[in-house]
1. Tell me which residues, restricted to the stretch 352-376, are assigned to a strand (DSSP E or B), away from the ligand (no atom under 16 Å from the Cβ) and among the basic types (Lys, Arg).
2. All but one of (1) more than 16 Å from the ligand (Cβ to nearest atom); (2) under 17 Å from Val216 (Cβ atoms); (3) in contact (Cβ under 8 Å) with a residue 24 or more places away in the chain; (4) in a helix (DSSP H, G or I) hold for Val77, so report the exception by its number.
3. Determine whether Val379 is crowded, with 22+ Cβ neighbours inside 10 Å, away from the ligand (no atom under 16 Å from the Cβ), in contact (Cβ under 8 Å) with a residue 60 or more places away in the chain and under 29 Å from Gly205 (Cβ atoms).
4. Which residues, counting only those in the stretch 119-175, are assigned to a helix (DSSP H, G or I) and of a type in the set (D, E, K, R)?
5. Where the second residue is of a type in the set (Asp, Glu) and away from the ligand (no atom under 16 Å from the Cβ) and the first is in contact (Cβ under 8 Å) with a residue 40 or more places away in the chain and farther than 20 Å from Ala201 by Cα and lies in the stretch 23-49, which pairs have Cβ atoms under 7 Å and are six or more apart or on separate chains?
6. How many residues does the stretch 344-368 hold that are surrounded by fewer than 24 Cβ atoms within 10 Å (Cβ to Cβ) and either out of contact with any helix residue (DSSP H, G or I) (no Cβ under 9 Å at 6 or more places or on another chain) or of a type in the set (D, E, K, R) (or both)?
7. Any residue in the stretch 197-206 that is away from the ligand (no atom under 16 Å from the Cβ), crowded, with 21+ Cβ neighbours inside 10 Å and under 16 Å from Thr310 (Cα atoms)?
8. From Asp155, Asp112, Asp120, grab the single residue that is within 16 Å of the ligand (Cβ to nearest atom) and acidic (Asp, Glu).
Amino acid sequence: MNYPNIQAEDLAVYEIIKREEQRQKEGIELIASENYVSRAVLEAMGSVLTNKYSEGYPGKRYYGGNEIIDQAESLAVERAKQLFEAEHVNVQPLSGSPANLAVYMALLNPGDKVLGFSLDQGGHLSHGHPLNFSGKLYTIIPYFAKKETEIIDMDEVEEIALREKPKMILAGFSAYSRNMDWKRFKEIADKVGAFTFADIAHAAGLIAGKQLENPVPYFDVVSTTTHKTLRGPRGAMIMCKEKFASVIDKSVFPGVQGGPHDHINAAKAVAYGEALKPSFQEYSKQVIKNAQKLASALQEKGYRIISGGTDNHLMLVDLFGSKQITGKEAEKCLEQVGISINKNMIPFDPRKPLDPSGIRLGTPALTTRGCKEADMQTVADLMDEALMNRADETKLASVKDKVKAFALKFPVPGIE
Ligand code: DSN
C-alpha cells in the first residue's frame, strides 16, 4: 500500500506508518494474538463506509441512507453464519471486551455467579479479573488447570459447578495451548442449569479453518475477536442460538454501543469471505504444524513448554523454570533483536504478572507470511541465540541482522 495523500498532507503520520511498516517487515512476529490482514481487508477498512452512522440493525435503523450499509452488514452476518454454523450473528461489537460485556449484560444480573478460567492460568481479563467489569460486577468462581498436567481438569470443573451452581459457565482462553472440551462444558452446564458462553477469540480462525472443534453447535453464546487467527479487521462478533438473538442484539445496541463501525463490518465480510476459501483451511493447518514444530524445536534446546506441547497456534514457555530467565528479561532481549513476543504468567507461577516466569509464543502471523516447519527451526535457533547471549551487545546486534535477513524473505501483505 502507498499513502500518497498522507505523505502530501501529514508527513508526521506518514513517517510513523512507514517506520511501523519497516518494523513489521524486518521483525519476527510471535505474539499469539497478532496477524497480518490482506490488502483487501485493509482496503475495506480504509473505505468511505466509515462516513456513515447506522445505529440499529439491517432494515431497522435510526438514521436514513442505510440501504447499502445494510447490505454490507448482512453480508458479514451471512458469511459468519456459514463459517461457524451459527443460528444468529451480531457483527457489531467493536472489540472483544465490549462483546463480552454485552454477553454478560444479556444473560446475567449483577452479582450472578460465573465460572471462568483463571486469568493467571490462561483466561482473559474479561473472564473475571477483579479490576475488570467482569470481576467487579459478577461473582466469579475460577477454575484451574491441574498442577501435574497443566491441562484443565474437566472433572474438577464439574465438581466446582455442582457445588457453586453458577448461572453461566465461560469457556475460553488467551494463553492455553490445549483443546477445550466444549461438549463436556455443555454437559456440565446442563446438569446445573447454567448458560454456556465460549470466548473463542484466540482460536476462531482455526475453528473456521476446520482444524479445531467448533463450540457454536453446543453453546448458547459464543464471542470472538476478528483480528487474531481469523485474520480480519480489529473487532469482534457474537454468535448465538436463535432464542438469544433478541437479548444479545439489544445488549450490543443500545446496551453497550452506539453506532457500528460500518467500514470495519465490511472488512469483516471480506475476511470471512477469505476464511470460507479452501486455502484458509490450509493456512489453519499450517499454523498448528508450525506451532508444534516451534514447541518441539525449543524443547530440544531445553526449554520447558507448559503441558508438554500445543494443540493450537500458541504455547507458553516456562523460561524461568528451565533457563532461569524471567519473562520480562526475555521480552526485552528479544525485542532488541526484532523478535516480538509477550511475557506471560504460567500456571501456578511463583513470580508476579509484571515479571512472570513465562513467555507466550504463537505462529499465526509468521504462517501468513508463508513460513513452514523448517523456518520454525530457524526461529527457535535465533531466539535461543539471543537469549543465551542476552548480556552481549555485539552478539545481539549480529542476531538482529540475522532476524532481519530471515524476515525479509517473507513478504507482509500490504507492505511493499
Ligand atoms: N490482548 C489479547 C491477547 O493478546 O491475547 C487478548 O485480548
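1. Listed by number, the list holds a single entry, Lys352.
2. Tallying (1) more than 16 Å from the ligand (Cβ to nearest atom); (2) under 17 Å from Val216 (Cβ atoms); (3) in contact (Cβ under 8 Å) with a residue 24 or more places away in the chain; (4) in a helix (DSSP H, G or I), Val77 fails exactly one: (3).
3. Against the criterion (crowded, with 22+ Cβ neighbours inside 10 Å, away from the ligand (no atom under 16 Å from the Cβ), in contact (Cβ under 8 Å) with a residue 60 or more places away in the chain and under 29 Å from Gly205 (Cβ atoms)), Val379 qualifies.
4. Listed by number, the residues that qualify are Asp120, Lys136, Asp155, Glu156, Glu158, Glu159, Arg163, Glu164.
5. Short answer, once both residue conditions are applied: Leu49/Asp262.
6. The number of residues fulfilling the criteria is 4.
7. no
8. Only one candidate qualifies: Asp120.
Read the figures in this text as sums done on the coordinates, not as results from a lab. Not measured: the values here are computed from a predicted model. FYI the Cβ positions are ideal-geometry reconstructions off the backbone, even for glycines, and counts take in every protein chain you see.
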